[in-house]
1. Just one of the numbered conditions (1) closer than 30 Å to residue 30 by Cα; (2) surrounded by 10 or more Cβ atoms within 10 Å (Cβ to Cβ) is not true of residue 128; which one?
2. Take residue 41 and tell me if it is exposed (fewer than 13 other Cβ atoms within 10 Å of the Cβ), of a type outside the set (A, V, I, L, M) and either outside any helix (DSSP H, G or I) or at pLDDT below 80 (or both).
3. Against the condition assigned to a strand (DSSP E or B), at pLDDT 60 or above and within 23 Å of residue 298 (Cβ to Cβ), how does residue 236 come out, does it pass?
4. Given the criteria closer than 22 Å to residue 490 by Cα, assigned to a helix (DSSP H, G or I), open to solvent by less than 20 Å² (accessible area, probe 1.4 Å) and in contact with a strand residue (DSSP E or B) (Cβ under 9 Å, 6 or more places away or on another chain), does residue 420 qualify?
5. In the range 243-273, how many residues are modelled with pLDDT of 85 or more, open to solvent by less than 40 Å² (accessible area, probe 1.4 Å) and in a loop (DSSP other than H, G, I, E, B)?
6. With respect to residue 553, is the statement that it is of a type in the set (Val, Ile, Thr), buried (at least 19 other Cβ atoms within 10 Å of the Cβ), touching a Gly at 6+ places or on another chain (Cβ under 6 Å) and in contact (Cβ under 8 Å) with a residue 12 or more places away in the chain true?
7. Got a number for residues in the range 349-386 being out of contact with any helix residue (DSSP H, G or I) (no Cβ under 9 Å at 6 or more places or on another chain) and farther than 29 Å from residue 575 by Cα?
8. For residues that are hydrophobic (A, V, I, L, M, F, W, C) and in contact (Cβ under 8 Å) with a residue 12 or more places away in the chain, scanning just the range 137-151, find the one that is surrounded by the most Cβ atoms within 10 Å (Cβ to Cβ).
Amino acid sequence: SAQKVARSESSQVKKSQHAEEAIFYMNCRAAYLTVLKSSLENIKSKEQLSLVLQQAGRNPSQKTVNKYWTSQTTTLNFDDFCTILKQEKTATKTELLEAFWKIDTDNTGYILHDELYKILTTRGEKMTRDEVNTIIKQADFNCSGKLDYSKFCDLYMTTSEQCCRTAREKLEVDGRLRQQQFGSQAETSSEGITLPVSKPSPRILGKTDHKLASAKGDSRTPSRPSSSHSCKGSVSTTITMGTSSHRNTKLIEPDAMKEWQCAQSKGCFYLEDDGEIISHKYKLHLLQRSTVCITIRPLNGRQVEGKSCHWLSVDTALYILKENETQDNLQLVSFTEQQNKEMFGWKGELGSGVYWLLPFTTGCRLKKTKPQITGEAKLVYRGDDGELALTKEFRAALLDIFETIDLDGNGLLSLEEYNFFELRTSGEKCDEEAWAVCKENFDMKKNELTRQGFMDLNLMEANDREGDPSDLWVTLLSLGYNKALEMTEACPFVIDVYAEKCKPRIKAVYLEAGSSQLNRAICKSVVIKGEAKVMDGCENVIVYTYKAGRRITSVIENKSENKVIIHVNNEQSKNCLSNRGLTVFAVEVAPKSMMVSQHVMPLNEQEEWLYNCVHSLV
């Protein structure tokens, strides 16, 4: 039992160390990417080094900068930066106060401005009088010709912490930056995926016989915990894919299924400003064991001559998870990999119980693009009677929106359906009391809002603003429309569930970004269905590649105790579109975890495409 306690304590210490390292390297990344575009980009000057150190909460002197940027230095990389931060700790308040106490020998808590002038302009790294004036003009810690150095130290510490916090917030908010440089949402074994420790997957194709040489006796801590310090390796994967005419067409609905009971729900993928994708999430209830067929496809909307339906080319998929004791404990059942044109589906047997249906799109086709629109569609106008009215184009767009948010397709909006719309467009929900007011003022049937009622609601909003369309545009833009009233940043879809022996029930329960459950499901599906290759020269890193008729997904598994940074190169690929938006990028994989490296689709589906990707340790 003593051994168990010791092992438990050792495990806790390791977890604590990993947590501390994770925070340290997150701060390193945040500071580095505040100044530079990529972790692969080098610091090229003293000024850049000083600026990056400041973003990390340091206040480097010229002497400190010169220590790391000598006459022989031309560049410093991210590893070098991490090493510097480990050596240059942030000053504590006590250390700062001790420096002032040496000057304030009477221990008054103050230093006269005249004395401060003399010290700062004549000793050490001399400051100019203007620089000193900037300090003493701060009212927060100056009064009656004296500097309150305790308050000064408080402000210094607060400013240092604020620099770090601002850098972290920028990294978290800017999803595109996070995706381009480091990847995201790595899935750890403690969150539901059990990673094998002792032996590699039995399906590994390119296992190497090369054994790593252990660096015995070397107890030095590397600047960045990564197996790149002990080995360099790479994995190359080449797949030639046919045109869309060669797509998988296994999903054929049998005539017998027409007699099965069916449930349907609509939903939508929405593209956020930072490139993140959110969508509805669903619960499926089955009262008894039954053979089922579950499909998802883009929603065929109104076709407008001269305008393309961008969302019809967006890929869709569903991951089916079984709910066990709790909502947090979901088990992957399968996903929709069979295809019939734009529809993807899965057919099999499910036991009675509750299942989660998590929609997914790779982000290859649904992504931010530079707007090409020069004008702005008109939303409202005043008729001959002086009254405001909705334009024909805006009414058509509102009808399309109504069809999308009418999740059950009954031609009416329930309060629950309307609240998904409200949460997306305003971030607020409509309560029962407000819904009752709507019932008094707008057309409703069976306590549900009609199409006409929805139109009148938007007209009322225009009247409230006396014809100013600003709020209407906020609604439209949040729903994926551009200024020409084209839906370019959203993809409505429809889910159908057929069951042979019972009536299935499907219900939308959330509208949110891809959850950790979805990310784990994607990783697990690729590990199960894909091909695995051990990284040449580093057996703890495995790259799994899954190919379907329309997409390729790669997942990186890191079995080691240290983080690794993997360089991903797609330069030899042809007719390919990556969700990363870059041909070359890097991802960081945490210890004992796995994460999606990238999703790839054909740029032109009518042509053959070649996937040629090299994953290598940095």
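1. The single condition residue 128 does not satisfy is (1).
2. Judged against the criteria, residue 41 is not a match.
3. no
4. So residue 420 does not fit the description; no.
5. Residues meeting the conditions: 1.
6. no
7. 16
8. 147
The values are calculated or read from the model by the stated rules, or taken from the named source; none is laboratory data. Since we're looking at a predicted model, the values are computed, not measured. Counting neighbours? That spans all protein chains shown, and the Cβs are built from the backbone with ideal geometry, glycine included. Just the protein is used for accessible areas: all its heavy atoms, side chains included, with ligands, DNA and RNA removed. Shrake-Rupley method; radii C 1.70, N 1.55, O 1.52, S 1.80 Å.
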